[in-house]
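The values are calculated or read from the model by the stated rules, or taken from the named source; none is laboratory data. These figures come from a predicted structure and were not determined experimentally. Cβ atoms come from the backbone with ideal geometry, glycine included; neighbour counts cover every protein chain shown. Only protein heavy atoms, including side chains, enter the accessible area calculation; ligands, DNA and RNA are left aside. Shrake-Rupley method; radii C 1.70, N 1.55, O 1.52, S 1.80 Å.
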Amino acid sequence: MKTIINLKTLKKISYSIIATIAFIISTNQAMANGGDKDSTVISIDKRNQTLLNQGNNTKTLRENLQELFQKSGMSLDDDTWRGIRRIVNSDLNKDTLLVITQSDKSIKVVINTNTKNSNVNTNVNVNTNSGGTSSNEKQVKVGLGGVVVKDGNDEVRVGWNGVYVNDGGRETNITLRDSTRINRKNSGFNSRSGFNIYLGLNSFTNTGNIGGIYNTKDFELSPFGSRYFGFGWTRSGMISKGTKAALKISYGLEFSWYNFMLENNAYIVKNTDNIGFADYRNQIPLSRNKLTVANINIPVMPYVAFKKGSTITYVAAGGYIGYRLDSYTKTKEEDSGRKDWNHSSFFLNNVRYGLAFELGLKDFPDLFVNYDMNNLFQDNRGPKIGGISFGIRL
């Protein structure tokens, strides 16, 4: 049987197990170092949580123990009391002997599970010999693999990754896992949080209204050469949720690159007051002629997330605002392969903002569309065209 528990529950179990192991270890040490010495014996009725043979005593168990500890020249501190109480309140169904030592004094505390008669057997066998084992022998081993406590056929092993219990052939594994990851995994709804990669194509918008000093043909793009690439990180927060869907909002930080691959041989240049086009080196044919614009963006996307397993995982619609980090043109001669880069602002708008849409699909990359609301170039410095990108999100 395998059980997964969160960290809050694990803390309670771990404290109880560690306290029990600590007492067993102290018991072994006490029996090995001074088991033959006389010591006070205290018997506790586990079921009623009282001292045995105390008559009509109105004091609490802790008050009675404090009094007996004081008579023996010892003190019942909070840690010792908590350890005793955990074993008294535990599900152990066997008599347990605790040997508590302070300096050269010791007290034996016997926690009895069967109190049908008042003749309590305090001869609980605790053996630390390394020789052969018997069915009643208890052993404690501490090593790199953790702590192993063995009592006959029963065994408890506490390691770094969990707790293993063998109770007479009945096995239980308690696996330690971070409860925040478990909650995220089992939240039930899909999410667009995490690291994202965007691969797609981009194009100009509003090219039908280009006029004045510009020619529409100058802005014709290679359909598959004009590629869009981006990556970033997003986080999500819950707004509200129902039985089948949840309303969430995501936000993050992204880096993106527009690559506008021009079809003709004329490349973009920056004039004194505006952008223009120039023939390349006496019209030498070009195999590559593009304008690249790099941006940093902050997206904000409210979205509807559906239950895990749904064909449509989420639908998102929101916006973004970005800032231009760099821009340049790149040309490559067709025959010689010579490449030239020219970094410039090209009178591009430094701020970019627009609308975004995403559709999440099961067992398929998510789809995205980004549409710039402002013009690519500054007013009266270039044509009134914008940018649009679309593709898949990984």
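Which residue is surrounded by the most Cβ atoms within 10 Å (Cβ to Cβ), if the candidates are limited to region 200-217 and must be assigned to a loop (DSSP other than H, G, I, E, B) and over 51 Å from the mean Cα position of the chain (by Cα)?
Per the stated criteria, the residue is Y214.
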- Could you tell me whether region 237-249 includes any residue that is buried (at least 17 other Cβ atoms within 10 Å of the Cβ) and hydroxyl-bearing (S, T, Y)? no
- Query: Does region 192-206 contain at least one residue that is modelled with pLDDT of 85 or more and touching a helix residue (DSSP H, G or I) at 6+ places or on another chain (Cβ under 7 Å)?
  - Reply: yes
- Yes/no for N295 being at pLDDT 95 or above and either in contact with an Asp or Glu (Cβ under 9 Å, 6 or more places away or on another chain) or exposed (fewer than 14 other Cβ atoms within 10 Å of the Cβ) (or both): yes
- Message: Return the pair list, or none, for Cβ contacts closer than 8 Å from residues in region 378-394 that are within 9 Å of L199 (Cα to Cα) to residues that are of a type in the set (V, I, T) and open to solvent by 40 Å² or more (accessible area, probe 1.4 Å), at least 6 apart or on different chains.
- Response: F390/V369; R393/I197; L394/I197
- Does region 328-339 contain at least one residue that is of a type in the set (V, I, T) and modelled with pLDDT of 95 or more? no
- Within region 304-353, restricting attention to residues that are open to solvent by 70 Å² or more (accessible area, probe 1.4 Å), among the aromatic types (F, W, Y) and within 33 Å of the chain's Cα centre (by Cα), which residue is nearest to T272 (Cα to Cα)? Y323
- Looking only at region 83-100, which residues are under 12 Å from R62 (Cβ atoms) and open to solvent by less than 90 Å² (accessible area, probe 1.4 Å)? I84, V88
- Given the conditions (1) among the acidic types (D, E); (2) at pLDDT 65 or above; (3) over 40 Å from the mean Cα position of the chain (by Cα), which single one is not true for D151? (3)
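Name the residue, out of R281, R288, that is open to solvent by 30 Å² or more (accessible area, probe 1.4 Å), on the phi > 0 side of the Ramachandran plot and charged (D, E, K, R). First the steps, then the outcome.
Details: R288 fails: on the phi > 0 side of the Ramachandran plot.
When all the criteria are applied, what remains is R281.
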- With the condition kept exactly as written, say whether any residue in region 264-287 is part of a strand (DSSP E or B), out of contact with any Gly (no Cβ under 8 Å at 6 or more places or on another chain) and β-branched (V, I, T). no
